[in-house]
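Trainee: Questions regarding the structure given below will be posed in turn.
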Amino acid sequence: MEIYLVRHTTPDIEKGICYGQSDLDLADTFEEESKEILEKIPFDQNTKIISSPLKRCTELAKKFNSNYTTDERLLELDFGDWELKNWNAIPKDEITPWMEDFVNVKVPNGESYIDLANRVDTFYKEIIKLKTSCIVVVCHGGVIRSLLAKLTNIELKDSFGIKINYCQVSHLNISTNTSIKIAL
């Protein structure tokens, strides 16, 4: 089975803003970036396309095939009260505990990284049982990073060492003996 994990194209938001599950528009570079992504992935009408329900992912999923499905488990981290705030404007008494243990500490009215990792893990366990040869998953950096950390036995607290850029395609080749080859 071939699984392609695709991070969405560049969103239309200024740098320094905290966003996760906010439904952002796409930057003007969308057409050019999506074309580059499409050239990296061999797909046909039998390829299953699964996307995060956010616009920055579904617009790209449509480029692969209009017959795609969405899955809530592919949403980015829920930053709760911090959504769309400048990182520097988040009160220190809120952000410090999270920065010291973002894996386990929940964002106020949001979720922790372990929450995200657990929902992504249930998604992954489900899709590897599918009887299809190729799946394209269009999602977010946190989703991809948490899954790659699990598959490579990297602790979640160290997973931000895995760089996942906009438009990056990570290729998983899963053989029947459950060995996994990963290409970033």
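The values are calculated or read from the model by the stated rules, or taken from the named source; none is laboratory data. These numbers come from a predicted model, not from an experiment. No Cβ is skipped: glycine too gets one built from the backbone with ideal geometry, and neighbour counts run over all protein chains shown.
Trainee: Is there any pair linking a residue in the stretch 38-52 that is without any contact (Cβ under 8 Å) to a residue 60 or more places away in the chain to one that is basic (Lys, Arg), with Cβ under 9 Å and at least six apart or on different chains, and which?
Mentor: LEU38/LYS63
Trainee: Inspect all residues belonging to the stretch 177-184 and state whether any of them is touching a His at 6+ places or on another chain (Cβ under 7 Å) and of a type in the set (Gly, Ala, Ser).
Mentor: Looking for residues that are touching a His at 6+ places or on another chain (Cβ under 7 Å) and of a type in the set (Gly, Ala, Ser), one finds at least one in the stretch 177-184, hence yes.
Trainee: Sticking with this structure for a sec: Take the conditions modelled with pLDDT of 95 or more and in contact with a helix residue (DSSP H, G or I) (Cβ under 7 Å, 6 or more places away or on another chain) and apply them to THR58. Does it pass?
Mentor: Judged against the criteria, THR58 is not a match.
Trainee: Among the residues in the stretch 79-96, are any under 20 Å from the mean Cα position of the chain (by Cα), charged (D, E, K, R) and surrounded by 19 or more Cβ atoms within 10 Å (Cβ to Cβ)?
Mentor: no
Trainee: If you scan the stretch 16-37, which residues turn out to be of a type in the set (A, V, I, L, M, F, W, C), touching a residue at least 40 places away in the same chain (Cβ under 8 Å) and in a helix (DSSP H, G or I)?
Mentor: Hit for the stretch 16-37 is ILE37, nothing else.
Trainee: Yes or no: SER146 touching a Leu at 6+ places or on another chain (Cβ under 7 Å) and farther than 25 Å from GLN45 by Cα?
Mentor: It is true that SER146 is touching a Leu at 6+ places or on another chain (Cβ under 7 Å) and farther than 25 Å from GLN45 by Cα.
Trainee: Do we have LYS85 as over 12 Å from VAL136 (Cβ atoms) and touching a strand residue (DSSP E or B) at 6+ places or on another chain (Cβ under 8 Å) here?
Mentor: yes
Trainee: Could you identify the single residue in VAL138, VAL103, VAL120 that is under 18 Å from the mean Cα position of the chain (by Cα), over 29 Å from GLU59 (Cβ atoms), at pLDDT 95 or above and surrounded by 16 or more Cβ atoms within 10 Å (Cβ to Cβ)?
Mentor: Going through VAL138, VAL103, VAL120 in turn, the sole match is VAL103.
Trainee: Here is a list of conditions, (1) modelled with pLDDT under 95; (2) closer than 19 Å to GLY16 by Cβ; (3) not small (Gly, Ala, Ser), and LYS129 meets all of them except one; can you say which number that is?
Mentor: (2)
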